[in-house]
Amino acid sequence: MEPVPYLDLKAQMRPIRAELDAAIARTLDNCSFCLGPDVVQFEKDFAKLIGTKHCIAMNSGTSALHIAMLLLNIGPGDEVITTPYTFVATSWAISYVGATPVYVDVDDATMNLDPKLVEKAITPRTKAIMPVHLYGHPADLDPLMEIAKKHNLPLVEDSAQAHCAKYKGRSVGAQGIMSCYSFYPGKNLGAAGEGGALLLNDDAMAARARALREHGSTVRYYHDEVGYNYRMEGIQGAVLGVKVKHIEAWTAARQRVGRHYHELLADTPLQLPREASWAESAYHLYVVRHPKREELKKYLEDNKVGCALHYPLPLHLQKCYASRGYKKGDLPVSEKSSEQCLSLPIYPEMTDAQINRVAEVTRSFFAK
Ligand SMILES: *Cc1c(COP(=O)(O)O)cnc(C)c1O
């Protein structure tokens, strides 16, 4: 039996390799290594795709999240309500500006911020609500936006895993005051290295974000505020410019893989990542849950089926946030999900044979 890799970036590279070579060669020819025309063009293409007025390309998704916090003037003493069940970078942005991440548990079906619990966590110090569209599945935005509106709080979407996901037919990433994307190689739209972007509609905030990304200056060597070097590299703009043309087809291919898994695994004891009736997931990851996660993981690995854990420890129990005083049992759904989650292989180029093989091995674990 052919092994099924957890992720196969080379499969995506092959058919577009000549186009990528040409795009990279153009950057080497024009020597626009930091920002430059390809980055500007990619910003336009990506803003159009998601449906916002501005896209500010950066060197990572983490940088985009950091700039989002700065634009909202969030700082020491402030609180941001967010999910503990995500990649840690969501929380880094809050910590970088000296504010406090306030963790609210997730909904068991979608593993995203539970709107029913958010309002209770609001205090006079709350300055923003930051949901994550985890694994590509949209957070339940309407009730979250209603709470945000009622309390006059901005909602920032961490869309790092959710390129082209839809919420009630609307484009995820264009719903809150701003959204942050990552183009880390393993994300649905990946650069040939690091990359990220901040998307928003407000002109003044966009101008400030562009300055913050480039050492706090709009005129070279004049610095209006303390800034950062968060520029996207020219080569990444060139690569993303090629790849962005394929993202809708790749998303459809991921959805096909995910929905195929739903059918093939429906009668197993696994808790499957069902799409909510109002959601079109971008299927960044396909995460199943089961109490025997460790045994299943070993069984898949022994049978040469790749798998991974996203995420084995929720943020409120991480050492780096120990001073916050959270303890085990505080956020039970996140903790259960961390203990039971297992990510199966999913990428657009997966063949039917590979999908069937993953399902077959998974099913045979429960049959034995
Ligand atoms: C990947 C990711 C980030 C960070 O993006 P980088 O480009 O790796 O800095 C932030 N939030 C979530 C949910 C992510 O998955």
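The values are calculated or read from the model by the stated rules, or taken from the named source; none is laboratory data. A quick note: this is a predicted structure, and the numbers were derived from the prediction, not measured. Quick reminder, even Gly has a Cβ in these numbers, built from the backbone with ideal geometry, and neighbours come from all protein chains shown.
Quick notes on this structure:
- Hey, residue 223 more than 16 Å from the ligand (Cβ to nearest atom) and either exposed (fewer than 15 other Cβ atoms within 10 Å of the Cβ) or among the small types (Gly, Ala, Ser) (or both) or not: yes
- Strands (runs of 3 or more DSSP E) fully within the range 37-144 that include at least 1 residues being surrounded by fewer than 17 Cβ atoms within 10 Å (Cβ to Cβ) and of a type outside the set (Ser, Thr, Tyr): none found.
- Complete set of residues in the range 145-170 that are within 12 Å of the ligand (Cβ to nearest atom) and in a loop (DSSP other than H, G, I, E, B): 159, 160, 161, 162, 163
- Set side by side, the residues 270, 264, 240, 315 differ, and just one is away from the ligand (no atom under 16 Å from the Cβ), of a type outside the set (Gly, Ala, Ser) and crowded, with 17+ Cβ neighbours inside 10 Å, which is 270.
- Applying the condition of being buried (at least 17 other Cβ atoms within 10 Å of the Cβ) and aromatic (Phe, Trp, Tyr) to the range 333-368 and asking which residue is farthest from residue 259 (Cα to Cα) yields 365.
- Just so you know, in the range 171-214 the residues that are in a strand (DSSP E or B) and farther than 14 Å from residue 282 by Cβ include one that is nearest to the ligand (Cβ to nearest atom), and it is 196.
Yes or no, residue by residue, for (1) over 19 Å from residue 21 (Cα atoms); (2) assigned by TED's automatic domain parsing to the domain that holds residue 286; (3) not in a helix (DSSP H, G or I):
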| position | (1), (2), (3) |
| --- | --- |
| 235 | no, no, no |
| 238 | no, no, no |
| 253 | yes, yes, no |
| 261 | yes, yes, no |
| 267 | yes, yes, yes |
| 273 | yes, yes, yes |
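- Just one of the listed residues (186, 176, 195) is surrounded by 19 or more Cβ atoms within 10 Å (Cβ to Cβ) and closer than 19 Å to residue 240 by Cβ, namely 195.
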